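First the structure, in the form of structure tokens, and then the observations on it.
The values are calculated or read from the model by the stated rules, or taken from the named source; none is laboratory data. Worth saying up front: this structure is predicted, and the values here are computed from it rather than measured. In this analysis, Cβ positions are derived from the backbone assuming ideal geometry, glycine residues included, and neighbour counts consider all displayed protein chains.
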């Protein structure tokens, strides 16, 4: 049985700057793998490698046992249809309303009839408690609402893997907690595998089943939240202290 | 320095060609699945914007240009008693050359800038990446309808430009040269050969494609936030206008 997502010894450099340096990660079915790190540590690059938007210069990335870099254009497009991505600032298509944003992948990639698409859209909006925002334009939504629509959009095609890029970034602490709870709730309801990148230790400890600490392109510590709490790694200690988990 | 500039120019040129190929391939893949290459609504929205929305500007500029051309040629030819040549000069000049060229320049400024700014803003807001991440295909979804709209609409606008210029020319010929509208119309049509019209139309397809490709390429390769949008929009317009003029010269060199 393959892991849902696996990175093996991935190296990636941009403009001669090493972004990822021998990164290996693995997410099994139902895992919530949180990659922690400071801004600019290469966290978002990991998500783009999984989606095949960027390819590793060395090492490999696998999704359901298939090496992403070896997929042809059409296969890559199909693979992306099996992955949901929640962007840092939601990245809703600004010219489409909430309903059309959610329906976009279904209308473009599936042959589902219109009434079924409508039903799925309503269902996912209800899941993120935004039914009333269905006909609103993205510009009319708050940051937290956008993020929830982004989550709903990532879920419409029942993905096997969902990627979160800084789910709590730019949100007030109360909304950030709501988003964390939503991720836990979705995971419990759908058993979907999730890879989440964040710089917030508190959020990570709350939602992760597995954690990895990324620093200067390298994984410096990994384990369950409890193992991370007990880690003697200096960077992990700094993050824990900043989150008020250690004095 | 010059070598670097040439190298960069070739890099951009090859990227533009790949953009066209990539867009055609994505659209082709989608059609192979028995679907339309892109949403018809998006295509019609773009045709409305590029076509109908551009008509007032093109009519106004072409009308004034036709009028000026007839006035100046009439003024020069009158001492030799050759003002009867004015309708032919305006008709051939506009159909072959000025119509496509002026329409290309106006579209590059109006539609090219809009495409670049719109796509650039979408890139910065990660919307393009989100569309790509969903597997929808950003080139097919965003570039293809814009490209096809400007490609198909440019020749139509050139015809509008030609007609507007002839109207302007006819009016001033009547007022300044005492030429009747009927005589102007007949002489203008008699002076035109099929290849004059075909050359103008052929050119305008090429200009439409160039404007669309340059605008979309500049929009999709934007860097540096809001300032980048402004910079890319300016570069897009300047590059598209220069490309239209350069290709027009090249076309004329080949044809004559």
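Looking only at residues in the range A:115-162 that are within 14 Å of chain B (Cβ to nearest Cβ) and surrounded by fewer than 13 Cβ atoms within 10 Å (Cβ to Cβ), the one that is nearest to residue A:174 (Cα to Cα) is A:139.
Residues that are modelled with pLDDT of 90 or more, part of a helix (DSSP H, G or I) and under 24 Å from residue A:2 (Cα atoms) do not occur anywhere in the range A:157-168. Is it true that some residue in the range A:18-35 is in contact with a strand residue (DSSP E or B) (Cβ under 9 Å, 6 or more places away or on another chain), more than 22 Å from residue A:1 (Cα to Cα) and free of Cβ contacts under 8 Å to residues at least 60 places away in the same chain? No: the range A:18-35 contains no residue that is in contact with a strand residue (DSSP E or B) (Cβ under 9 Å, 6 or more places away or on another chain), more than 22 Å from residue A:1 (Cα to Cα) and free of Cβ contacts under 8 Å to residues at least 60 places away in the same chain. Residue count for the range A:45-58 satisfying the condition of being within 10 Å of chain B (Cβ to nearest Cβ), surrounded by 17 or more Cβ atoms within 10 Å (Cβ to Cβ) and more than 19 Å from residue A:158 (Cβ to Cβ): 3.
Selection over the range B:42-79 of residues that are at pLDDT below 90 and over 21 Å from the mean Cα position of the chain (by Cα) gives a count of 2.
If you go through the range A:66-100 and keep only what is buried (at least 20 other Cβ atoms within 10 Å of the Cβ), within 9 Å of another protein chain (Cβ to nearest Cβ) and under 16 Å from residue B:128 (Cα atoms), you end up with A:77, A:80, A:84, A:85, A:87, A:90, A:91, A:92, A:93.
For residue A:61, the criteria (1) more than 14 Å from every other protein chain (Cβ to nearest Cβ); (2) farther than 24 Å from residue A:170 by Cα; (3) free of Cβ contacts under 8 Å to residues at least 24 places away in the same chain hold in every case but one, which is (3). Just one of the numbered conditions (1) more than 30 Å from residue A:56 (Cα to Cα); (2) at pLDDT 90 or above is not true of residue A:195; which one? Here residue A:195 meets the rest and fails (1). Among the residues of the range B:25-61, those identified as farther than 14 Å from residue B:106 by Cα, touching a residue at least 24 places away in the same chain (Cβ under 8 Å) and either away from chain A (no Cβ under 12 Å) or surrounded by fewer than 12 Cβ atoms within 10 Å (Cβ to Cβ) (or both) are B:27, B:43, B:47.
Mind checking whether some residue in the range B:205-225 is in a helix (DSSP H, G or I) and at pLDDT below 90? Yes: the range B:205-225 contains one or more residues that are in a helix (DSSP H, G or I) and at pLDDT below 90. Among all residues of the range B:115-127, there is none that is more than 13 Å from every other protein chain (Cβ to nearest Cβ), surrounded by fewer than 24 Cβ atoms within 10 Å (Cβ to Cβ) and under 21 Å from the mean Cα position of the chain (by Cα). Residues that are assigned to a helix (DSSP H, G or I) and under 19 Å from residue B:37 (Cβ atoms) within the range A:104-114 comprise A:104, A:105, A:106, A:107, A:108, A:109, listed in sequence order. I'd like to check something: does the range B:175-186 contain any residue that is away from chain A (no Cβ under 14 Å), within 17 Å of residue B:97 (Cα to Cα) and modelled with pLDDT under 95? Within the range B:175-186, none of the residues are away from chain A (no Cβ under 14 Å), within 17 Å of residue B:97 (Cα to Cα) and modelled with pLDDT under 95. In this structure, does residue A:129 turn out to be free of Cβ contacts under 8 Å to residues at least 24 places away in the same chain and part of a helix (DSSP H, G or I)? In short, no.
Only one of the numbered conditions (1) modelled with pLDDT of 90 or more; (2) on the phi > 0 side of the Ramachandran plot; (3) crowded, with 17+ Cβ neighbours inside 10 Å is violated by residue A:22, and that is (3).
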